[in-house]
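One structure is given below, encoded as structure tokens.
Only the coordinates and a few stated rules stand behind these numbers; no lab work does. Values in this document were obtained by computation on a predicted structure and should not be read as measured data. Note that we place each Cβ from the backbone using ideal geometry, even for glycine, and neighbour counts take in every protein chain shown.
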Amino acid sequence: MKSRSAWDRTSRMQEVIPMKHRSPYSLVDVKAVDVERIAQRLGGQRCVVGVDVAKAEPVACVYGPERQFERPWRVRSPGQIGLLVEKIGQLRRAGPLVVAMESSGTYGDPLRQALADQAISVERVSAKAVKDHAETFDGVPSQHDGKDAAVIGELCWRGHGRPWDWRELPEFDQALRYWVRKLDTAQRIQQVYAGKLEALLARHWPEATGLLKASGATLPGALAHWGDPRKLAADPAAGALLGQWGGRYLKVAKIEAVRAAAAATVGVRMNAWQVREVQETALAILARRRQIRACRRQLRKLTRGQQVIQAQAPAAGLVTACVLWMCLGDVRNYPSAAAYRKAMGLNLKERSSGQYKGRLRLSKRGQRLTRKWLYFSALRWMRVPAVKAWVQRKKQRDGGKGSKAVVGVMRRLALALWSVGKDGVAFDAGRLFPGRPCQAA
């Protein structure tokens, strides 16, 4: 009869995959790989080369039948990318082969292009699936490069990969991507400088930000011209210049209030270096504003006559419609509105177990840029009476918090964008929340 301790040891033993090496995940340099030996072991059978993409040292692992895999290969990028492709090509001549990769930014693009030049098939495996499969693979929840490459290979072997051919984007998509990325970069830089300007004004002219926006045209224009609020107050032509920069949006009463605040400010007196810093910061904001306007003009010119983007522009704005096209592609390729919303990462997820009831949260699995720009569009529509009534009731149910109301508008707006883009129907804000009286914006 076995002792209790011996019985516990045998009964609790987890099943793991068979491994021939003492350290199966130890890396071997790709230059030392014997492809002929691997091909002989495979015997002409199909295999998968899983690649864990990295910036400096991607790792490749050959996964074959009967859950067997070779020691992972260490590849130094970019110097050994060509050698890796050569080794994979030799292995493909011995039998069917496919390369599996994660979608990890742009680090894997040189390898994908090199594989496509050699007509080697590439499939994409979800990074989330790799993480979830780590413990199932060998009974240990750890993750490292060698193991991840083997896990990627097994998932592709089981049919969890998707074709990921290397294709150049059409000319329209390339131009759209260029202008959208340039506009978004300029906007983020503008926000940085606007934050810096607000910090400087909190010290030297704290009354200014209560009257004008630091990211607008009037306040940066005034600070770039005078630098010091006391100089603004002393200039008799200040009113005319402020009216010129503010245009029809700046009323005479606001101009007088700005001049009075500059004359009676309690801010710290400025020296020459502080004036220079304020002026340079304001000039940087104005430069970014000009760049953003130029990008918007180019996008309007580029998308003129583009059916889907022009249909979505009244609902979300032209830039947001361009962002959706760049990140998600043609809306007509999605079978349903829910699928389109899921691609944005706006679908809900839940973690519940037993008596514990988890909260519904956004999955956020799509590209961040789509949610960022759709958030701005939702804020604009929340001012419309047809939507504002629902938002107010939602805030009351949530104890005065408005974050869930914004998410609700974003989710409804995503469904509407699919409908107007796919069917070409006109956008109606009153239909975002059916049963509510529609009022003109």
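For the range 120-186, which GluC sites (Glu not before Pro) pass both filters: DSSP loop (anything but H, G, I, E, B) and at most 13 other C-beta atoms within 10 Å?
Here the GluC sites (Glu not before Pro) that fit, given the DSSP loop and packing criteria, are E168.
Residue farthest toward the positive end of the dipole of the chain, with Cβ of Lys/Arg at +1 and Asp/Glu at -1: which of L83, H144, Q298?
Q298
In the chain, if the dipole is taken from +1 on Lys/Arg beta carbons and -1 on Asp/Glu beta carbons about the Cα centre, which of W418, L155, S26 is farthest to the positive end?
Positive-most Cα among the choices belongs to W418.
Can you flag which of K349/K404; K364/K394; K254/K388 are past 24 Å Cα-Cα?
K254/K388
Report, for the chain, the % of DSSP beta bridges that are antiparallel, rounded to 5.
55 percent
Pick out, from A261, G247, A199, the residue whose Cα sits farthest towards the positive end of the charge dipole of the range 172-300, with +1 on the Cβ of Lys and Arg and -1 on the Cβ of Asp and Glu.
Positive-end residue among those listed: G247.
What is the order of W205, W245, fewest Cβ neighbours within 10 Å to most?
Going from least to most buried by this count: W245, W205.
Helix-only mean residue ellipticity at 222 nm, the chain, DSSP H runs n ≥ 4 weighted -39,500 (n - 2.57), per residue, nearest 500. What is it?
It comes out at -17500 deg cm²/dmol, rounded to the nearest 500.
Arrange T209, T218 by Cβ neighbour counts within 10 Å, fewest through most, would you?
Starting with the residue having the fewest Cβ neighbours, the order is T209, T218.
Arrange F137, F69 by Cβ neighbour counts within 10 Å, fewest through most, would you?
Ascending number of Cβ neighbours within 10 Å: F137, F69.
Count the lysine pairs in the range 18-163 whose Cα atoms lie under 15 Å apart, taking only pairs 8 or more positions apart in sequence or on different chains.
Pairs that pass both the separation and distance tests number 4.
Is any helix in the chain, taking whole DSSP H runs, at least 24 angstrom long along its axis by alpha carbon and on average at least 0.0 on the Kyte-Doolittle scale, and which ones?
Flagged H segments are 403-423.
Restricting attention to the range 246-299, which trypsin sites (Lys or Arg not before Pro) occupy a DSSP loop and are surrounded by at most 13 other Cβ atoms within 10 Å?
Those that pass, being in a loop and sparsely packed, are K251, R269.
Assigning unit charges at the beta carbon (Lys, Arg +1; Asp, Glu -1) and nothing else, what dipole magnitude in debye, to the nearest 20, does the chain show about its Cα centre?
I would put it at about 1860 debye.
Excluding residues on the same chain fewer than 8 positions from K182, give the lysines whose Cα lies under 22 Å from its Cα.
List returned: K196, K301, K372.
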